[in-house]
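All remarks here apply to the structure that follows.
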Amino acid sequence: MKLSNKSLYALEALRHLARNYGGKPLSAARLAADCGFSSKYLEQVLAALKNKGIVMSERGKHGGYALRLPPEKITLGDIVRAIDGPLAPIGCASRTAPSYNRCKRCQPETCWIRKVMLRVRDNMSAIMDRETLAEMLKE
């Protein structure tokens, strides 16, 4: 699995929001400037994160974005799934996708590629679902 630019934006922006947790909301323009991102693109990322319940927003002069939960409750897996969808490197190896997406010739019980990709997905998920925003602040 390759992280999209949107996921990379999300991870960096949420790291800034984690540093600011408990403080006043940060505007998208401020986050974009701090991260060196396009504010228009970052707005799309923040909207997706808001729709998934990871951030909340406040309107108005002193509004902006803030984490909905404490940084130690938000995992990298939560963030990447919110932006890119399942962590599986191939569709049939997903454990969270709403529909099973197998290839045309796949025999799930005997497909060696699927079995390997399930292990890849499980190992990747084990790491990403253990690492939190709070731990990212230590890096």
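Every number here is computed from the coordinates shown, using simple stated rules; none is lab data. The structure presented is a predicted model; accordingly, all values stated were derived computationally and were not measured. Cβ coordinates were reconstructed from backbone atoms using ideal geometry, including for glycine residues, and neighbour counts include every protein chain displayed.
In terms of distances greater than 26 angstrom between alpha carbons, the cross-link table entries Lys2/Lys104; Lys40/Lys138; Lys2/Lys24; Lys6/Lys104 yield Lys40/Lys138; Lys2/Lys24; Lys6/Lys104. By the beta-carbon count within 10 Å of each Cβ, the least crowded to most crowded order of Arg121, Arg30, fewest first, is Arg30, Arg121. From its DSSP helices (H runs of at least four residues, each -39,500 (n - 2.57)), the chain gives a residue-normalised ellipticity at 222 nm of -14500 deg cm²/dmol. Taking a straight line from the alpha carbon of Lys73, these aspartates and glutamates sit under 14 Å away, with near neighbours fewer than eight places off in the same chain left out: Asp129, Glu131, Glu135.
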